[in-house]
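Quick note: the coordinates plus some simple rules give every number you see, no bench work behind them. None of these values were measured; they are calculated from a predicted model. All Cβ positions, glycine included, derive from the backbone under ideal geometry; neighbour counts span all protein chains shown.
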Amino acid sequence: MPYSSIVKTKRDGTLQFEDNAAAHTLAVAFEAGDFSLNIPEEAVNLFLDRGSIGSPPAIRYGDDQPITGSFTAYLRDLSDATYATLEEILLQSGYVGSTWVSTMGATGEVFTLTLRWTIEGTNHGDATDHVITLPYCHVSGSLSEGDPDMISINFTCYAVRPTVVS
């Protein structure tokens, strides 16, 4: 199939958090559509020749760097013992805190989840939907009051590259 001729927009995207083996999931709803993803990959080390960049430059891959990203959503609920909320993912409380298992395993010290970004393609004539999977995401963020109240989610994905399926 040729390169899609349809420009994708925020209306085409969905975000979903998953625990270990996707036993529990939460589709993020009522979000602003401002998902952002930074994929730095490996650091590139530059070795100067007496302070000068050579031609060709002396460059080598260095340390791996984690993926980072963020998005915002409208605050709708804080916590409940019977269903998952985005705020529980941030706070590791309620249903998420008591039933979800980290993607690091039940004894993992750091609570991580998989974040899946699906971009609609089939409704626009593409052969498939497009999916970016981000494993081992540690979530942080903030809550803010306003009109509407908001939750800001930041995440660090401890992988060098996401998995991309099209």
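Using the 10 angstrom Cβ neighbour count as an exposure proxy, how do TRP100, TRP117 rank, fewest first?
TRP117, TRP100
Taking a quarter of the surface of the Cα convex hull of the chain, what do you get in nm²?
Across all orientations, the chain yields a mean hull projection of 14.1 nm².
Classify segment 1-70 as rounded, prolate or oblate from the Cα gyration tensor: take a ≥ b ≥ c as the square roots of its eigenvalues, call it rounded if a/c is under 1.5, otherwise prolate when a/b beats b/c and oblate if not.
Cα axes put segment 1-70 in the prolate bin.
Tell me, which longest segment in the chain has none of the trypsin sites (Lys or Arg not before Pro) that fall in DSSP loops with at most 16 further Cβ atoms within 10 Å?
77-166
Running a GNM on the chain with Cα contacts under 10 Å, which residue among ALA29, ALA81, ALA73 ends up with the highest mean-square fluctuation?
Of ALA29, ALA81, ALA73, the Gaussian network model singles out ALA81 as fluctuating most.
In the Gaussian network model of the chain, springs joining C-alpha atoms below 10 Å, which of SER55, SER144, SER98 carries the largest mean-square fluctuation?
SER55
Placing +1 at every Lys and Arg Cβ and -1 at every Asp and Glu Cβ, with all other atoms neutral, what dipole size does the chain have around its Cα centre, in debye to the nearest 20?
Dipole of the chain, to the nearest 20 debye: 540 debye.
How much net charge surrounds GLU87 when only other residues with a Cβ under 9 Å from its Cβ are counted (Lys, Arg +1; Asp, Glu -1)?
Net charge in that neighbourhood comes out at -1.
Which of VAL110, VAL44, VAL96 ends up with the largest GNM mean-square fluctuation for the chain, with Cα atoms connected below 10 Å?
Residue with maximal mean-square fluctuation among VAL110, VAL44, VAL96: VAL44.
Nearest-5 percent of antiparallel DSSP beta bridges in the chain?
Taking every DSSP beta bridge with both residues in the chain, the antiparallel ones total about 100 percent.
Given the options THR107, PHE35, ALA58, identify the residue whose Cα lies farthest towards the positive end of the charge dipole of the chain (+1 on Cβ of Lys, Arg; -1 on Cβ of Asp, Glu).
Comparing the listed Cα positions along the dipole, ALA58 ranks first.
Taking other Cβ within 10 Å of each residue's Cβ, how do ILE132, ILE151 sort, fewest first?
ILE132, ILE151
Quick one: compute the contact order of the chain, relative version, from alpha carbon pairs under 8 angstrom and 6+ residues apart, as a percent.
Once divided by the residue count of the chain, the mean separation gives 25 percent.
Taking only C-alpha pairs under 8 Å that are 6+ residues apart, what is the relative contact order of segment 1-99 in percent?
Rounded, it is 22 percent for segment 1-99.
Under the classification rounded if a/c is under 1.5, otherwise prolate if a/b is larger than b/c and oblate if not, where does segment 89-133 fall, given a ≥ b ≥ c as square roots of the Cα gyration tensor eigenvalues?
prolate
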